[in-house]
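Enquirer: Before we start, here is the structure in question, set down as structure tokens.
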Amino acid sequence: MENYRYLIIGNSTGGIGTVEGIRAVDPEGPIAVIGEETGPAYARPLISELLSGEKTQEQIFYRPSRFYPDNRVDLFSGTRAEDVDISGKLVRTGDGKTRGWEKLLLAVGGTPIVPEFEGRENPGVFTFTTREDALQIREYLHKRGGGKRVVILGGGLIGLKAAEAFRTRGLEVVMVELQDRVLAPVLDPASSRWLENILSREGISLRFQDTVVRAHTGRTGGFPLSVELKSGDSIPADLLLVAIGVRPRVELARASGLEVDRGIMVNQKMETSAAGIFSCGDAASIGDFFTGTNRPIPVWINAYWGGRVAGMNMAGEDREYEMGMMMNSLRIFGKPVISAGLVNPPAGGGVEVLQGEEKGSRRAFIIRDGRLMGFSILGEIQSAGILAALIRSRAEIGEFRPRLLKPDFNLLDLPRGFRQELREGRWNRSEKSTHV
Ligand SMILES: Cc1cc2nc3c(=O)[nH]c(=O)nc-3n(C[C@H](O)[C@H](O)[C@H](O)COP(=O)(O)OP(=O)(O)OC[C@H]3O[C@@H](n4cnc5c(N)ncnc54)[C@H](O)[C@@H]3O)c2cc1C
């Protein structure tokens, strides 16, 4: 049986962040990564470019191919961790092997949510969260001579990226969303509308406050699928993509006795309810920056930095992850979109929204009691890092408030003292030593 000082389950953003966190502290301790998917880690947000044909599999690798040997990591890819024995400090994998560990990390991500509707198992119905999904959809469309029309259920981040990829392939796209706007959890309503104008211009047909109730096979006007909506409409299509979000994969953690709510519960050190076992990323439930209450925050930046902090702690440092804050960043049809913190706060309670548009860019700021709580920016996003630091600092924004709306808002707009704190890395980092 092989024994490792560090064993990581999940070979993606969180797992890689963990390896880099460990190696920043401990250059030698033996590390193994167990990953269910085959091959080296890839940048999950880029599977849409694999689908569109803009990038090859090698071009979406998350790290150069030498990453594992350079970091002295044993990678067991295409291998599923089946069982974690906490008291024996063992992990049993699908290949029948058992591996020992001193410190363990679960970065097992999420599984796509597929609502109950008739025909959800039919050919032509796909989800879109893995490289394999992108390759299978490509192959399916290829067999259909490229296809003509797709229906996407879900107007969130994954649905939008898929929509762009399908448009690049020349397909008609109908997007069906239960809410009354796109990216509802991560944008303020006016910013959603702004983005919807771009989507419509790019040829995406948007259907709000509707959902899929049935996807049945049988030729309709030359299409293999007919997607029936709650509104009663029926859309003939080559393919239905279900993209309504992911659910944390908590099964392994729950079966081994770790504390689980909607995700795997971790503290600020990213340690689970069992000493020496850590978690991060889409699978984890971390303390929210504003409320302190644990919840999953399934965005890339949390996965990487949460993993990095976990790795440093696994290697003996004393670090805390204090950025349990929603922060979304994406580029859609060439337009950068970034949002952070509270973007849809409850009405009242001293909350005001400062918003404006200038030079093809839109900015909205949520301010409570003179402090920045959240923002959405579409277009000129250079200042996003400074703004996120402003939220974390809980500083009053009084003096420079009028400048916030300017697309060229920058460091020089901030008071000198705060600029100095930023330079010292006080607010622009997602990890901090408890001794700072
Ligand atoms: C299409 C798409 C676009 C996205 N775009 C953005 C974006 O623009 N911005 C953004 O912030 N976020 C984006 N995201 C979300 C981002 O990709 C995730 O937040 C991030 O990948 C989470 O990393 P993770 O390591 O926690 O989990 P994952 O990336 O989900 O990886 C978990 C890994 O663990 C493996 N695993 C699970 N169980 C086991 C087991 N028992 N044994 C072995 N291995 C196991 C899985 O197979 C998987 O490889 C996007 C996601 C998708 C799907």
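Enquirer: Just to verify a number: FRET efficiency for residue 102 and residue 168, C-beta to C-beta distance, R0 = 51 Å, to 0.05?
Expert: Values: r = 47 Å, r/R0 = 0.92.
FRET efficiency, residue 102 to residue 168: 0.65.
Enquirer: Another question about this same structure. Given the DSSP H assignment, sum -39500 (n - 2.57) over each helix run of at least 4 residues in the chain and divide by its residue total; what's the result at 222 nm in deg cm²/dmol, nearest 500?
Expert: -6500 deg cm²/dmol
Enquirer: Please say if the range 239-292 is rounded, prolate or oblate, where rounded means a/c under 1.5 for a ≥ b ≥ c the square roots of the C-alpha gyration tensor eigenvalues, and otherwise the choice is prolate for a/b larger than b/c and oblate otherwise?
Expert: oblate
Enquirer: Moving on to the next point. Could you check how much of the accessible area of the chain is carbon and sulfur, as a whole percent, using a 1.4 Å probe?
Expert: About 48 percent, which is the carbon plus sulfur part of the accessible surface.
Enquirer: Using only the Cα atoms of the range 168-283, build the gyration tensor, take square roots of its eigenvalues as a ≥ b ≥ c, and label the shape rounded, prolate or oblate: rounded if a/c is under 1.5, else prolate if a/b is larger than b/c, else oblate.
Expert: It is prolate, given that a/c is not under 1.5 and a/b is the larger ratio.
Enquirer: Between residue 178 and residue 121, 0.36 nm times their residue separation minus their Cα-Cα distance comes to what?
Expert: Numbers: separation 57, 0.36 × 57 = 20.52 nm, distance 2.09 nm.
Additional length available on full extension: 18.4 nm.
Enquirer: Over the chain, average the accessible area per residue using a 1.4 Å probe and give it in Å², no decimals.
Expert: 43 Å²
Enquirer: On to the next question. Assign one of three labels to the chain, namely rounded, prolate or oblate, based on the Cα gyration tensor with a ≥ b ≥ c the square roots of its eigenvalues; rounded applies when a/c is under 1.5, prolate when it is not and a/b is larger than b/c, and oblate otherwise. Provide the component values of the computation, followed by the final result.
Expert: On the way: a/c = 1.86, a/b = 1.07, b/c = 1.74.
Oblate shape, in that a/c is at least 1.5 and b/c is the bigger or equal ratio.
Enquirer: Under 5 Å between amide H atoms, partner at least 5 residues away or on a different chain: which partners does residue 260 have, H built in plane at 1.01 Å?
Expert: Those qualifying (amide H under 5 Å, at least 5 residues apart or on another chain) are 265.
Enquirer: Using the per-residue mean of other Cβ atoms lying within 10 Å as a proxy for protection, in what order, highest first, do the peptides 211-224, 93-106 fall? Provide the component values of the computation, followed by the final result.
Expert: Details: 211-224: 15.0, 93-106: 19.0.
Ranked from most to least packed, the peptides come out as 93-106, 211-224.
Enquirer: Using 7 Å Cα-to-Cβ label points, what is the residue 419/residue 209 separation (nm, one decimal)?
Expert: 4.9 nm
Enquirer: Pop a pseudo-label 7 angstrom from the Cα along the beta-carbon direction at both residue 254 and residue 59 and give the gap in nm to one decimal.
Expert: In this crude spin-label approximation the distance works out to 4.0 nm.
Enquirer: Order 22-29, 41-48 from most to least packed using the mean count of other Cβ atoms within 10 Å.
Expert: In decreasing order of mean packing, 22-29, 41-48 become 41-48, 22-29.
Enquirer: Then there is this: When only Cα pairs under 8 Å and 6 or more residues apart are kept, what is the percent relative contact order across the chain?
Expert: Reported relative contact order: 15 percent.
Enquirer: Give the calculated FRET efficiency between residue 399 and residue 1 to the nearest 0.05, with a Förster radius of 51 Å applied to their Cβ-Cβ distance.
Expert: Details: r = 62 Å, r/R0 = 1.22.
So the FRET efficiency works out to roughly 0.25.
Enquirer: What is the calculated FRET efficiency for residue 142 to residue 24, with r their C-beta to C-beta distance and R₀ = 41 Å, to the nearest 0.05?
Expert: Once rounded, the FRET efficiency stands at 0.40.
The values are calculated or read from the model by the stated rules, or taken from the named source; none is laboratory data. Just so we're clear, the structure is a prediction, and the values are computed from it rather than from any experiment. Note that each Cβ is placed from the backbone with ideal geometry, even for glycine, and that neighbours are counted across all protein chains shown. All accessible areas refer to the heavy atoms of the entire protein, side chains included, with ligands and DNA or RNA removed. Shrake-Rupley method; radii C 1.70, N 1.55, O 1.52, S 1.80 Å.
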